[in-house]
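The values are calculated or read from the model by the stated rules, or taken from the named source; none is laboratory data. Note that the structure is predicted; figures quoted are calculated from it, not measured. Cβ coordinates were reconstructed from backbone atoms using ideal geometry, including for glycine residues, and neighbour counts include every protein chain displayed. What goes into the accessible areas is simple: the full protein's heavy atoms, side chains included, and nothing from ligands, DNA or RNA. Shrake-Rupley method; radii C 1.70, N 1.55, O 1.52, S 1.80 Å.
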Amino acid sequence: MKTYIARRILHLIPILLGITLLSFGLMHTVAGDAIDVMEANRGTVLSEETKDRLRSELNLDKPFLVQYGIWLKDMVSGDMGTSYVSGKPVFSTFLQKLPATILLTITSILCTIIISFPLGIIAALNRNGWSDYLIRFFSFVGNSLPGFFVSLLLIYVFSLKLNLLPVMNTSGGWQGIILPTMTLTIAMSAKYIRQIRAVVLAELNKDYVIAAKARGIPYRTIILTSVMKVTLLSFITLLSLSVGSLLGGTAIIESIFMWDGVGKMAVDAILMRDYPIILAYVVWLAIIYVIFNLITDILYHYLDPRIRLGAKK
């Protein structure tokens, strides 16, 4: 197991290096003269001598690969540069926004699991029944509606018409997390329900289930022991992708509800051309997806004996 994990980590290192090099190159190309951008964002007028001194301090007068090497070394040590707008360290700004995104991720994932797992199983066990059609209809609708439309619809119903929840998270109370959580849960649950239903139906038609029923094993036991284990593998894959995207910050949803997380930070940085924060956000996304793909591979290796046997060959 340790050898498998070590090998997977070694495979991921060049992927991360490639992503950071590509991201740094794109920011280097798009950003233009960083000092001019910083001057425009802060509303200051700098002399040419001051600009040259700042370029030297920020290593902007060095070749591209040298700049990348210095940036990569600083990033590994926790220094992601300084914001062009606020003048504060990017890393501290990032850490300040991260707890809000983590909280929204946890609430959305928990609500999605509570809703989608039982509904997907119920739909599969009652195939072509009224409950199956009803669940599939609502999952289809939820999967079809874009997130921004769902958020606006929820705001209209619960905030403007019923006056139960705040439109934006300005007071800092717990009520502010309900609408963004509902928005994300609706979208993810719709996908999860359809996937879980398909996996359960596929397993119910396999020979081992038919043989177990013929031997007199209770149907509930077959579902809970055999079918659920296979369903869990598919569920882990969906969950890892969802957690990765949520921790990356759902930019549109956070911006609509003024949820002060990583996604909203990225949107604000793009609007203000705050390239150090944009670059840090891209690297954060890459790290999150790589880490959760690694966790998924490890869980698959642990839960699926076929993968363990294949790794030993």
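Observations
- Nonlocal Lys pairs with alpha-carbon distance under 21 Å, region 49-174 (8 or more apart, or different chains): 5
- Neighbours of E203 by Cβ distance under 12 Å: Lys/Arg scored +1, Asp/Glu scored -1, total +2.
- F140 sits among other residues whose Cβ lies under 13 Å from its own Cβ, and their net charge, with Lys and Arg +1 and Asp and Glu -1, is +3.
- Charged neighbours of S116, selected by a Cβ distance under 14 Å, balance to +4 (K, R count +1; D, E count -1).
- The slack between I295 and Y219, meaning 0.36 nm per residue of separation minus the straight C-alpha distance, is 24.1 nm.
- Where labels lie 7 Å past Cα in the beta-carbon direction, separation of L110 and D61 in nm: 5.5 nm
- Summarising the amide proton neighbourhood of T82: residues at separation of 5 or more, or on other chains, whose placed amide H is nearer than 5 Å comprise V90.
- Sorting K229, K73, K161, K51 by solvent-accessible area of protein heavy atoms yields K73, K161, K229, K51, largest first, with a 1.4 Å probe.
- Accessible area per residue (1.4 Å probe, heavy atoms of protein chains only) ranks Y156, Y192 as Y156, Y192, with the largest value leading.
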